[in-house]
1. Taking the conditions exactly as written (closer than 21 Å to V157 by Cα, surrounded by 19 or more Cβ atoms within 10 Å (Cβ to Cβ), touching a Phe, Trp or Tyr at 6+ places or on another chain (Cβ under 8 Å) and not assigned by TED's automatic domain parsing to the domain that holds V159), does A9 satisfy them or not?
2. Taking F83 as meeting all but one of (1) over 22 Å from Q160 (Cβ atoms); (2) modelled with pLDDT of 85 or more; (3) surrounded by fewer than 18 Cβ atoms within 10 Å (Cβ to Cβ), write down the number of the exception.
3. Looking only at region 138-151, decide whether some residue is within 25 Å of K15 (Cα to Cα) and surrounded by 19 or more Cβ atoms within 10 Å (Cβ to Cβ).
4. Filter region 97-129 down to the residues that are in a loop (DSSP other than H, G, I, E, B) and at pLDDT below 90, then identify the one that is nearest to A87 (Cα to Cα).
5. Would you call I39 part of a strand (DSSP E or B) and modelled with pLDDT under 90?
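The values are calculated or read from the model by the stated rules, or taken from the named source; none is laboratory data. Keep in mind that what you see is a predicted model, and the values were worked out from it rather than measured. We place every Cβ from the backbone using ideal geometry, glycine too, and count neighbours over all the protein chains shown.
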Amino acid sequence: MSTRYQSKAQREATKLLERYGDSVPVDVVQIAKECGLTIRKEDLEEEVSGMLVIQDDHAVIGVNKNHHPNRQRFTVAHELGHFLLHAKSSQIFVDASPVFYRDEQSSEGTKTQEIEANIFAAELLMPEAALKEMLSRRPVDIYDEDDMADLGKKLRVSVQALTIRLTKLGLASA
């Protein structure tokens, strides 16, 4: 994947953090609302984390209410990323509905839009600058479950998402 996509997604997330603050945990729900989106918790099928529906000038993020709150936060951030990065793209329409679906291919990270939305969500919820500052005060061993759980709680993200983020930033080795 081109670094152009990474930088575009990271730039958009950084703009929001500059505008709304980057203290952790980031209030992703409030940021989405400030961007004009409505968030609804829905009883969705287990494999569906969420969706973005854009109709006229209104956008709604549907989040699976049965998922863990940390996963819901990542879903909101992911769908917000789709809204900010891809809302004008005709590729988002499925069955003539403006909906982003995560299918097997996208969940494996093979679709550019899904990769971008994940990069956006990771930067928004786990800002690189905040992570570096936190780790400079107290380094974390990614193989120490308690260390990772503690940092995950501070950020309100899953240990899995945190591990991926730290590894991709080169802040930990896996």
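1. Here the answer is yes, as A9 does meet what is asked.
2. Among (1) over 22 Å from Q160 (Cβ atoms); (2) modelled with pLDDT of 85 or more; (3) surrounded by fewer than 18 Cβ atoms within 10 Å (Cβ to Cβ), F83 violates only (3).
3. Yes, region 138-151 contains at least one residue that is within 25 Å of K15 (Cα to Cα) and surrounded by 19 or more Cβ atoms within 10 Å (Cβ to Cβ).
4. F100
5. no
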